[in-house]
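The next block holds one structure in the form of structure tokens; read it before the comments.
The values are calculated or read from the model by the stated rules, or taken from the named source; none is laboratory data. On a predicted model such as this, the values are computed, not experimentally measured, just so you know. All Cβ positions, glycine included, derive from the backbone under ideal geometry; neighbour counts span all protein chains shown. Note: accessible area is taken over every heavy atom of the protein model, side chains too, but ligands, DNA and RNA are not part of it. Shrake-Rupley method; radii C 1.70, N 1.55, O 1.52, S 1.80 Å.
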Amino acid sequence: MDIPSKYEPQQVESHWYDYWMQHQYFHSTPDQREPYTIVIPPPNVTGVLHMGHMLNNTIQDVLIRRARLMGKNACWVPGTDHASIATEAKVVAKLKASGIKKSDLTREAFLNHAWDWTHEYGGVILEQLKKLGCSCDWHRTKFTMDDDMYASVIKVFVDLYRKGLIYRGYRMVNWDPEALTTLSDEEVIYEERQGLLYYLSYPIEGSSERVTIATTRPETILGDTAICINPLDERYHHLKGKKAIVPICNRAIPIIEDDYVDMEFGTGCLKVTPAHDVNDMALGEKHQLETIDIFNANATLNSFGLHYKGQDRFLVRKSIAKELEEKGYLVKAENYLTKVGTSERTKAVIEPRLSDQWFLKMEDLVKPALKAVLATHEVNFFPKKFENTYRHWMENIRDWNISRQLWWGQQIPAYYFGDGQDDFVVAESKAEALEMANAKLSGLSQGAKKTLKLEDLKQDDDVLDTWFSSWLWPISVFGGIMEPDNEEVNYYYPTNDLVTGPDIIFFWVARMIIAGYEYRGERPFENVYFTGLVRDKQRRKMSKQLGNSPDALDLIERYGADGVRVGLLLSSAAGNDLMFDEDLCQQGKNFANKIWNAFRLVKGWEVADLPQPDASQLGIAWYRSKFNETLVEIEDHFGKYRISDALMAIYKLVWDDFCSWLLEIVKPSYQQPIDRKTLEAVIELFEQNLKILHPYMPFLSEEVWQRMAPRTPKEALVIAKWPVVGKVDKELINDFDFAAEVIVGVRAIRKEKNIAMKEELDLSVRNEENFTHEWDVVIGKLTNLSQIVPVDEPVEGALSFRVKSNEYFIPVKGAVDVAAEINKIQEELNYTKGFLLSVQNKLNNERFVGNAPEQVIALERKKQADAEAKIETLEKSLSSLEQP
């Protein structure tokens, strides 16, 4: 079989992915093996692959491929999320571009458009994940709006309602005026913004006196229904029981007292706007104040806004400030830094709004989930630092606002049959709801009984928060909500590992743990691996707006999927942000080329039945031990979820130990054959390397594996066996390390003196370390030595170097210009002595030694010791060269 001179990932990747799919290596069904399960964090159905997805899914694929090689029944469930707000916004925008308003459509017509959009653009990201090499069980692909998934969400809502945990309440909520829906507290991102603090004067009714208040939102004065003062504030005692006149609208409002008012903030007087501030709402309820909502749903002003009706709130803020100033009500305006709540999805500034919404009581639900992470450690976080974040949120949790004013999503299963506050039922189907509604009417009615028909029921218009479906994901993908005792959920649940970002620890991770204990009585997963954010070299978060996020597929095209995977993971420690640099992908590509060239070298050797050289036998024995030592290290890294550290260990093993050392040790002389025993051992070790490489570089490793020898589908690398740790001979490894330093020393002298490799050298050694002569054959082969001679005294006319206590000498007279070499050594010696003097001056400075940290002093002392050792070696080399 001809081996191409270059590794071409574009040709290789599609071939092997199709092969893996054809033979269903990724598909899993319950059997007698130990299951290993991961559920993908479902990306938005209309999303496209970005760098965060690349990192997250590469890590998942590494874990799942390794588990498969370890003989486990590996199951990675893929899928997508319907993403209510994001998807509905895109559909509305598309309709708008066609001249169609959402308000002109029926719900059914709009949902048809949403489904058309989903079918056209949905799932693109899953196809892109295949390009990355993700080995998901694609037969199991789920979508949160699939019929069975939809039914699971409805069933849970009904169950929680009947348990008394879901309720409907008129509360102040976070309103997104762009998406036209409520948001949970976790979906609000607070940003510091520079604004103005306006000081406004309100006339006191029947008096020439005025009272001044401070506000950041002058437009809301049109919704004011009181002025509040602290009862302990002597400045305003005389205003008790009086009324103030709201500027512009001229409405008289009471002046009330409450110790909630901070006398030190602003003027100590507070304008109370119950419809537009959560604290004002509490004051309004306490003092039975009128509530005046001045905003439409899109944050324009309504009729209470008077002549500002129909204008945007921020435009009104500027205009009303100007009007207040013109009419003498604006005392002053100061720069003021404030925190503003924004929508996590649309970035719009959130508006507090009173609304009827559905809520889930969280106080009791969180208790098992809190215990599982922080007490029993049934669920483990990597890194552990995120436990504190989790604790803070869980211990301060508020009821979850689960309703959204959208049409795309799971419609809330509440059915209304009258105008009364309690004229509704909650049921899994309309037929069940009708039966319940008639029963409810029958129990309430004192006179003639009315029998309801299906058309008399009106289902709630709202849908459920997207996260209300996602929190069930590890259970619902296996049918565990609809059929709690089915074979699949009993086999695959709880799952093993979850890989996700810390930014959704509240939205998703915590809620899945809550749902797991509520509906399965056990954890949903054992371990949570938190990735960091992918940032650019300037530490900025990657985003389309900044234009600093490279196209993921373009990277794969240029560097190969394996190159990108390696590049991402080489610098990605758990929980730490990744500073992405395309050079990392080039490094990954170079690694792939290194392995490919090593393969071509090995397969290019001619084999013969010859005795095995001692150097080859020793090198192979050393590499077996080194491989086993590294395998122990890799297993430890995986056990601690140090996925990048495991890759780095493999990288060093393959690039340095295998390619740079072992292959050089066993390589036959030019145009000479290699002995069969050595070649077979090298191929066997190469295949072991491919097994540990496979989770990280699946395409390259499979290509080399399949070219290494004829393979049947049952012998594919993707389903091979992970290596078992064998004997580790530490003495052999240490001896090689010593020999390697000798080889490096000889090569350095060759390079410095421009001595060609074909020219044989003599090497003499003062063996103070009693280092074994066993490695002389390897040292001699890799440095082209004619002999290695033991000596008791320094060799005259020779250059020298040290390895620990051993001193090595290479005679150079005749090979180099001795006079020039003496001058060069003398220059280096003078420089080193000057450097030593500067270090000694530092260490003799009592002020420096008394104030410097211990590690700094230790570093200076090491510099001193190194300089002294170098001076000794240079002086000996100089002395030997100056001998007649």
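Take Ile810 and decide whether it is open to solvent by less than 20 Å² (accessible area, probe 1.4 Å), in contact with a Phe, Trp or Tyr (Cβ under 9 Å, 6 or more places away or on another chain), over 23 Å from Ala621 (Cα atoms) and modelled with pLDDT under 95. Answer is yes for this residue. Applying the set (1) open to solvent by 30 Å² or more (accessible area, probe 1.4 Å); (2) assigned to a loop (DSSP other than H, G, I, E, B); (3) touching a strand residue (DSSP E or B) at 6+ places or on another chain (Cβ under 9 Å); (4) not aromatic (Phe, Trp, Tyr) to Lys332 leaves exactly one unmet item: (2). Only one of the listed residues (Thr181, Thr144) is of a type in the set (Val, Ile, Thr), open to solvent by less than 10 Å² (accessible area, probe 1.4 Å) and in contact with a His (Cβ under 7 Å, 6 or more places away or on another chain). That residue is Thr144. Out of (1) of a type in the set (Ser, Thr, Tyr); (2) surrounded by 21 or more Cβ atoms within 10 Å (Cβ to Cβ); (3) within 23 Å of Lys727 (Cα to Cα), what's the single condition that is false for Ser625? Going through the list (1) of a type in the set (Ser, Thr, Tyr); (2) surrounded by 21 or more Cβ atoms within 10 Å (Cβ to Cβ); (3) within 23 Å of Lys727 (Cα to Cα), Ser625 breaks only (2). Within the range 406-422, the set of residues being closer than 24 Å to Val173 by Cβ and open to solvent by less than 40 Å² (accessible area, probe 1.4 Å) comprises Leu406, Trp408, Gly409, Gln410, Gln411, Ile412, Pro413, Ala414, Tyr415, Gly420. Taking the stated definitions as given, is Arg539 open to solvent by less than 60 Å² (accessible area, probe 1.4 Å) and either basic (Lys, Arg) or more than 18 Å from the chain's Cα centre (by Cα) (or both)? Considered against the rule, which asks whether it is open to solvent by less than 60 Å² (accessible area, probe 1.4 Å) and either basic (Lys, Arg) or more than 18 Å from the chain's Cα centre (by Cα) (or both), Arg539 comes out as no. When each of Glu363, Glu325 is tested for being out of contact with any helix residue (DSSP H, G or I) (no Cβ under 7 Å at 6 or more places or on another chain), more than 30 Å from Val509 (Cα to Cα) and open to solvent by 30 Å² or more (accessible area, probe 1.4 Å), the lone residue that passes is Glu325.
Checked against (1) touching a residue at least 12 places away in the same chain (Cβ under 8 Å); (2) open to solvent by 30 Å² or more (accessible area, probe 1.4 Å); (3) aromatic (Phe, Trp, Tyr), Tyr670 meets all criteria but (1). Residue pairs whose Cβ atoms lie under 8 Å apart, sitting 6 or more positions apart in sequence or on different chains, and linking a residue in the range 299-311 that is among the basic types (Lys, Arg) to a partner that is part of a loop (DSSP other than H, G, I, E, B), are Lys309/Asn302. Within the group Gly79, Gly99, which residue is open to solvent by 60 Å² or more (accessible area, probe 1.4 Å), of a type outside the set (Lys, Arg), modelled with pLDDT of 90 or more and more than 22 Å from Ile412 (Cα to Cα)? Going through Gly79, Gly99 in turn, the sole match is Gly99.
Within the range 774-793, the set of residues being farther than 11 Å from Leu761 by Cα and touching a helix residue (DSSP H, G or I) at 6+ places or on another chain (Cβ under 6 Å) comprises Trp775, Val777, Val778, Ile779, Lys781, Leu782. Return yes or no: is Arg66 touching a Lys or Arg at 6+ places or on another chain (Cβ under 8 Å), open to solvent by 30 Å² or more (accessible area, probe 1.4 Å) and charged (D, E, K, R)? Spelling it out, it is not the case that Arg66 is touching a Lys or Arg at 6+ places or on another chain (Cβ under 8 Å), open to solvent by 30 Å² or more (accessible area, probe 1.4 Å) and charged (D, E, K, R).
Just to be sure before I move on: is Lys94 open to solvent by 10 Å² or more (accessible area, probe 1.4 Å), within 29 Å of Ile402 (Cβ to Cβ) and without any contact (Cβ under 8 Å) to a residue 12 or more places away in the chain in the structure I sent? Spelling it out, it is not the case that Lys94 is open to solvent by 10 Å² or more (accessible area, probe 1.4 Å), within 29 Å of Ile402 (Cβ to Cβ) and without any contact (Cβ under 8 Å) to a residue 12 or more places away in the chain.
Listed conditions (1) of a type outside the set (A, V, I, L, M, F, W, C); (2) outside any loop (DSSP other than H, G, I, E, B); (3) in contact (Cβ under 8 Å) with a residue 60 or more places away in the chain; (4) surrounded by fewer than 23 Cβ atoms within 10 Å (Cβ to Cβ) are all met by Tyr25, apart from (2).
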